[in-house]
Amino acid sequence: MKNRRYIKTFFALILLPCILLTMCFSCNVSSPYQHQQSVSSNLFGAVNNDTSTIATLPWHELFTDTILQSLITEGINNNLDLKTAIANIGIAEANFVQSKQAFYPNLSGTVSGGGFHPSDAQGKNTQVYQFYAQSSWEIDLWNKLKSSKRAMYANLLASQASKQAVQTQLIASIAATYYQLLAYDAQLDILQQSLKTYAADTLTMRILKNSDVVTGAAVVQSTANYYAALSSVPDVKYTIRLTENTLSLLLGRIPGNIVRDSLNQQNISTTLNIGVPAQLLANRPDVRAAEFQLRNCFESINIARAYFYPTLTITGETGLYETSLKSFFNAGAFFANIVGGLTQPIFNNGLNKQRLKVANINFETAKYNYSKVLLNAGQEVSNAVYQYQMAKEKKESRQLQINNLIKSVHFTKELLKYSNTTNYTDVLTSEQNLLTAKQNAVNDKLQELQSVVKLYAALGGGWR
């Protein structure tokens with residue numbers, strides 16, 4: 001009973017000053033994180049007051065093509081970059097759990113026997129048996145452990161946000177590559193249709209030559225026109241294969257054919273609301289990840305400051321020590337002690353100053369990075385909105401161009417057959433212009449679809 005009273009008295013003498021020190025000084029060592037999350041209202045290039053945004057729309061509601069939906073699901077399940085991001089979350093979770101365990105005493109045990117110890121003046125050696133446990137406990141006077149826990153928690157949240165950012169980008173990459181593949185299919189189809197037209201033109205030129213309507217030059221030109229288009233087909237097919245392989249890599253599968261729909265079946269029926277810039281703080285994962293990294297760096301400053309102050313550590317040891325196994329468990333074999341100590345850094349080669357300086361610089365760098373990520377997000381939204389508007393603006397005029405070029409081809413062919421007011425060069429020019437316009441129309445459609453994909457990703461959609 002007396003020993004217990006001594007131990008309680010010792011703990012009181014040690015812990016009471018610690019509590020007083022903590023109350024008086026710890027608030028001056030560490031400070032709470034207070035980052036002002038201000039976002040300019042014209043971050044997107046123009047002020048918008050409508051808070052409706054497609055960022056909160058689930059990806060399968062935006063991309064209604066069932067084949068594309070299947071590909072996105074496959075990518076989420078198998079993409080290797082996403083799997084790596086998920087693994088990084090596991091590492092961050094382990095670090096956070098360990099930071100919480102640092103608040104508790106550590107404990108180690110030792111069992112030994114068979115050693116020898118000089119037990120008397122004659123120098124006789126006696127076998128020693130011992131079992132003892134050791135424990136040490138660092139009192140978190142200056143919130144160093146608490147700041148470390150907060151830093152690890154911020155790092156965990158950052159890793160989770162980074163995984164969401166990877167998923168957002170993955171969905172956008174799959175959709176954009178899928179639409180690109182459909183565009184190449186459409187261009188190949190236009191080429192193949194043009195080949196049929198050019199083959200028919202060649203046959204017509206031969207007939208007209210036999211009727212002395214055109215010369216042999218027209219036949220040669222029409223034939224060259226056919227082979228010029230034919231030589232473009234392998235290039236488009238090669239590009240299609242490369243795009244299929246790119247998409248296969250995103251899906252985490254070996255290279256191969258991709259089942260797909262057609263470009264003319266792709267439509268975006270959703271109203272493309274962009275919301276207000278402040279919503280990026282919650283919707284865009286990379287912005288949130290940058291914010292959590294900023295918090296992590298801030299807590300590193302608190303940790304660095306704590307190293308300038310003394311460390312209080314309580315250590316204890318208890319166990320059994322005896323020279324005979326028969327009496328090993330007797331009361332006399334028991335021993336215990338407890339020690340408390342303060343360790344004050346005096347001179348450590350400038351390590352504490354260096355640690356604090358680096359922590360402050362890292363915090364400043366993290367602030368710059370956060371601002372850059374936010375500005376980049378605003379730029380991406382602005383670019384995607386403008387790209388979509390321009391694609392829509394070209395749509396009507398492009399169709400009018402194609403309609404008039406179709407008439408031009410028809411008129412020049414008729415004039416070639418029934419009058420001498422034109423020649424095959426005019427027909428060739430009209431057909432080439434029509435082919436180019438049709439290919440440009442495909443690019444316009446692709447631009448419209450990909451601008452929607454870019455806007456969705458820029459606003460932070462896809463990870464929910």
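Just a few scattered comments:
- Residues in segment 418-457 that are over 29 Å from the mean Cα position of the chain (by Cα) and of a type in the set (A, V, I, L, M, F, W, C): Val427, Leu428, Leu434, Leu435, Ala437, Ala441, Val442.
- Residue match in segment 357-377 (condition: within 24 Å of the chain's Cα centre (by Cα), open to solvent by 60 Å² or more (accessible area, probe 1.4 Å) and of a type in the set (Phe, Trp, Tyr)): yes
- Checking each residue in segment 256-271 for being surrounded by fewer than 17 Cβ atoms within 10 Å (Cβ to Cβ) and assigned to a loop (DSSP other than H, G, I, E, B) picks out Gly256, Asn257, Val259, Asp261, Ser262, Asn267, Ser269, Thr270, Thr271.
- Which listed residue is part of a loop (DSSP other than H, G, I, E, B), closer than 30 Å to Leu294 by Cβ, among the hydrophobic types (A, V, I, L, M, F, W, C) and modelled with pLDDT of 75 or more, from Ala46, Ala92: Ala46
- Complete set of residues in segment 395-414 that are surrounded by 14 or more Cβ atoms within 10 Å (Cβ to Cβ), over 24 Å from Glu448 (Cα atoms) and not β-branched (Val, Ile, Thr): Ser408, Phe411, Lys413
- Segment 186-206, residues that are at pLDDT 85 or above and open to solvent by 40 Å² or more (accessible area, probe 1.4 Å): Asp189, Gln192, Gln193, Lys196, Thr197, Ala199, Ala200, Leu203, Arg206
- Annotation note: of Leu280, Leu294, the sole residue that is buried (at least 19 other Cβ atoms within 10 Å of the Cβ), modelled with pLDDT of 95 or more and within 43 Å of the chain's Cα centre (by Cα) is Leu294.
- Scanning segment 203-216 for residues that are assigned to a helix (DSSP H, G or I) and over 11 Å from Leu428 (Cβ atoms) yields Leu203, Thr204, Arg206, Ile207, Leu208, Lys209, Asn210, Gly216.
Residues are listed down the side, and each one gets a yes or a no for (1) closer than 28 Å to Lys438 by Cβ; (2) hydrophobic (A, V, I, L, M, F, W, C); (3) out of contact with any His (no Cβ under 9 Å at 6 or more places or on another chain):
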position: Leu250; (1), (2), (3): no, yes, yes
position: Leu263; (1), (2), (3): yes, yes, yes
position: Asn267; (1), (2), (3): yes, no, yes
position: Thr270; (1), (2), (3): yes, no, yes
position: Asn283; (1), (2), (3): no, no, yes
position: Gln293; (1), (2), (3): no, no, yes
position: Asn302; (1), (2), (3): no, no, yes
position: Arg305; (1), (2), (3): no, no, yes
position: Tyr309; (1), (2), (3): no, no, yes
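- Flag if Ser231 is open to solvent by 30 Å² or more (accessible area, probe 1.4 Å) and out of contact with any Asp or Glu (no Cβ under 8 Å at 6 or more places or on another chain): yes
- Residue check, Tyr226 open to solvent by 30 Å² or more (accessible area, probe 1.4 Å), touching a helix residue (DSSP H, G or I) at 6+ places or on another chain (Cβ under 8 Å) and at pLDDT below 95: yes
- Residue in segment 286-301 that is part of a loop (DSSP other than H, G, I, E, B) and touching a helix residue (DSSP H, G or I) at 6+ places or on another chain (Cβ under 7 Å) present: no
- Verdict on Lys149 being open to solvent by less than 60 Å² (accessible area, probe 1.4 Å), part of a helix (DSSP H, G or I) and within 30 Å of Ile86 (Cα to Cα): no
- Looking across Trp137, Trp142, one residue alone is open to solvent by 30 Å² or more (accessible area, probe 1.4 Å), hydrophobic (A, V, I, L, M, F, W, C) and in contact (Cβ under 8 Å) with a residue 24 or more places away in the chain. It is Trp137.
- Subset of segment 416-459 (residues that are free of Cβ contacts under 8 Å to residues at least 60 places away in the same chain and within 30 Å of Ile54 (Cα to Cα)): Asn440, Ala441, Asp444
- Search result, residues across segment 34-49 that are open to solvent by 50 Å² or more (accessible area, probe 1.4 Å) and not small (Gly, Ala, Ser): Gln34, His35, Gln36, Gln37, Asn42, Val47, Asn49
The values are calculated or read from the model by the stated rules, or taken from the named source; none is laboratory data. Keep in mind that this is a model prediction, so the values were computed, not measured. Note: ideal-geometry Cβ built from the backbone for every residue, glycine included; neighbour counts use all protein chains shown. We work out accessible area using only protein heavy atoms, side chains counted, and drop any ligands, DNA or RNA first. Shrake-Rupley method; radii C 1.70, N 1.55, O 1.52, S 1.80 Å.
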